[in-house]
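The values are calculated or read from the model by the stated rules, or taken from the named source; none is laboratory data. Here the structure is a predicted model, which means the values were calculated and not measured. Quick reminder, even Gly has a Cβ in these numbers, built from the backbone with ideal geometry, and neighbours come from all protein chains shown. Heads up: the accessible areas ignore ligands, DNA and RNA and are worked out on the full protein's heavy atoms, side chains in. Shrake-Rupley method; radii C 1.70, N 1.55, O 1.52, S 1.80 Å.
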Amino acid sequence: IAVLLGTTACAAVRLQPQPGALVYMKPNARLFTYTGHHEDVWIARLDGSRPRKLEAGVEPSVSPDGRYIAFGHDSQVLLESVDGAGPVVLYTLHGTWPILYDPPVWSPDSEHVAFETEQGLRVVEVFTRQASLLPSTNDFSFSPDSRRIVYEDRGDLFVVPASGGRPRLLTDDRKDYSPVWGKPGIAFVRFAHGPEGDVWLSDGRPRHARR
């Protein structure tokens with residue numbers, strides 16, 4: 001799995017001499033943990049030259065500003081700078097699901113990281129390490145301003161502050177999934193008739209959407 005760091009973002013923060021980089025997982029036959037993972041997280045130039053191992057880990061995800069990488073390592077979600085400073089522990093996973101199965105999702109402003117856990121969706125503020133919990137474990141999306149999250153729970157959509165708080169019901173027909181929040185509004189799939197759904201768009205007001 002390879003992740004492309006934006007060339008403009010990397011040049012702006014001046015963390016690397018090359019204009020952009022690749023971040024990817026690479027097997028390590030000598031590494032084995034109780035979770036069964038045996039990969040390392042690597043970083044290289046866009047053409048694959050000058051590869052450098054960062055840490056043992058899985059499912060790397062690069063922040064939109066190109067400065068940080070979030071990834072899983074055993075029962076922890078770690079954060080490391082692309083220049084190799086770190087890592088630090090963002091969150092420790094618990095329960096019978098103590099590993100990261102999918103890459104963490106960054107907010108557009110690179111200040112929050114969200115990832116699935118056995119208990120639900122964890123949202124962690126990167127610099128304070130403050131974590132909140134949402135009941136959803138799959139369909140969710142950050143708002144363009146990074147201040148809110150829309151998520152699906154049992155076929156309904158909810159909106160909640162990214163820093164945690166009381167969820168607000170957006171739809172209530174138990175037929176809505178896969179929300180994506182963009183500048184025009186919140187797009188989602190509504191399965192109103194049979195197995196094939198339609199794309200709907202909400203303007204963010206409760207029970208106010210159009211096909």
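Entry remark, region 75-119: residues being of a type outside the set (V, I, T) and modelled with pLDDT of 85 or more number 23 in total.
Say whether the condition of being within 15 Å of the chain's Cα centre (by Cα), modelled with pLDDT of 85 or more and over 25 Å from S163 (Cβ atoms) is met by at least one residue in region 44-61. So far as region 44-61 goes, yes, one or more of its residues are within 15 Å of the chain's Cα centre (by Cα), modelled with pLDDT of 85 or more and over 25 Å from S163 (Cβ atoms). Comparison of D198, D203, D172, D176 shows that the only residue that is open to solvent by less than 10 Å² (accessible area, probe 1.4 Å) and more than 29 Å from I69 (Cα to Cα) is D176. In the set L78, L46, only one residue is farther than 17 Å from S146 by Cβ and part of a loop (DSSP other than H, G, I, E, B); that residue is L46. For the structure I just gave you, tell me whether P64 is in contact (Cβ under 8 Å) with a residue 60 or more places away in the chain, open to solvent by 20 Å² or more (accessible area, probe 1.4 Å) and touching a strand residue (DSSP E or B) at 6+ places or on another chain (Cβ under 6 Å). Answer is no for this residue. If the condition is being open to solvent by 40 Å² or more (accessible area, probe 1.4 Å) and within 22 Å of D109 (Cα to Cα), then region 182-195 contributes K183, P184. Residues that are in contact with a Phe, Trp or Tyr (Cβ under 8 Å, 6 or more places away or on another chain) and open to solvent by 30 Å² or more (accessible area, probe 1.4 Å) were ranked within region 139-162; the one that is farthest from P108 (Cα to Cα) is F158.
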